[in-house]
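Asks: Below you will find the structure I want to go over with you.
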Amino acid sequence: MPRVLAQQCRQPSSATLTILASGRPDLLVACYAVLSTIADAHEGSWRNLLGPSATWADRRAASIEERIGPDTPPTFLWSTDDDQVVPVLNTYAVAQRLARAGVPHEVHVFERGGHGMGLGDVPGRENPHAAAWAPALERWLARRGWR
């Protein structure tokens, strides 16, 4: 069974995502995630993670975009363009680094949905268009042997 690191993402109903405490994960799934301390950083998240006195060097060391290399696991990213909490530029910055490093990846950015839309079925915020991320993730996982 593949090892998977899931970050800030509701689990698809047909898969169980396992987080391992050690070792390189086989896959990375990041959903409207805070990924960058550099490109349009979500300051509140980084201040909570690193503390108010974190240096620029601390921030660069913690930024996922700075840690991408050829050994980065295949990655699935999705976000919404109208996310007012985590700028979509986080997703674009990481996708660009993944491409430069030759890491297999899939990226979905939906025009609407905001932050925290889950599976697109939040009462009063239903979004069938952006809800397509969950089936896309299931197909991506299946291509990698996750059934």
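The values are calculated or read from the model by the stated rules, or taken from the named source; none is laboratory data. Quantities reported herein were computed from a predicted structural model and do not represent experimental measurements. Counting neighbours? That spans all protein chains shown, and the Cβs are built from the backbone with ideal geometry, glycine included.
Residue-by-condition table, conditions (1) of a type outside the set (S, T, N, Q); (2) closer than 17 Å to A101 by Cα; (3) surrounded by 18 or more Cβ atoms within 10 Å (Cβ to Cβ):
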position	(1), (2), (3)
L28	yes, yes, yes
A33	yes, no, yes
S36	no, yes, yes
P52	yes, no, no
A62	yes, no, no
E66	yes, yes, no
P70	yes, yes, no
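Asks: Please indicate, with yes or no, whether at least one residue in region 64-81 is farther than 23 Å from W146 by Cβ, of a type outside the set (D, E), in contact (Cβ under 8 Å) with a residue 24 or more places away in the chain and touching a Ser or Thr at 6+ places or on another chain (Cβ under 8 Å).
Replies: no
Asks: Another one. Would you say S79 is at pLDDT 85 or above and closer than 14 Å to A30 by Cα? So that I can check it myself, show each step before the final result.
Replies: Working: at pLDDT 85 or above: yes; closer than 14 Å to A30 by Cα: yes.
It is true that S79 is at pLDDT 85 or above and closer than 14 Å to A30 by Cα.
Asks: Consider only pairs whose beta carbons are under 6 Å apart and that are at least six residues apart or on different chains; among these, list those whose first residue lies in region 89-111 and is within 10 Å of T72 (Cβ to Cβ) and whose second residue is assigned to a strand (DSSP E or B).
Replies: From residues that are within 10 Å of T72 (Cβ to Cβ), the pairs are L98/T75; L98/H105; H105/T75.
Asks: Something else: Would region 67-75 turn up any residue that is in a helix (DSSP H, G or I) and modelled with pLDDT of 80 or more?
Replies: Scanning region 67-75 turns up at least one residue that is in a helix (DSSP H, G or I) and modelled with pLDDT of 80 or more.
Asks: Of the residues that sit in region 56-75 and are of a type in the set (S, T, N, Q) and within 25 Å of R143 (Cα to Cα), which one is farthest from the chain's Cα centre (by Cα)?
Replies: T72
Conditions (1) under 17 Å from A33 (Cβ atoms); (2) part of a strand (DSSP E or B); (3) more than 15 Å from the chain's Cα centre (by Cα), marked per residue:
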{"residue": "L77", "(1), (2), (3)": "yes, yes, no"}
{"residue": "Y92", "(1), (2), (3)": "yes, no, no"}
{"residue": "V103", "(1), (2), (3)": "yes, no, no"}
{"residue": "E106", "(1), (2), (3)": "yes, yes, no"}
{"residue": "G113", "(1), (2), (3)": "yes, no, yes"}
{"residue": "L119", "(1), (2), (3)": "yes, no, no"}
{"residue": "W140", "(1), (2), (3)": "yes, no, no"}
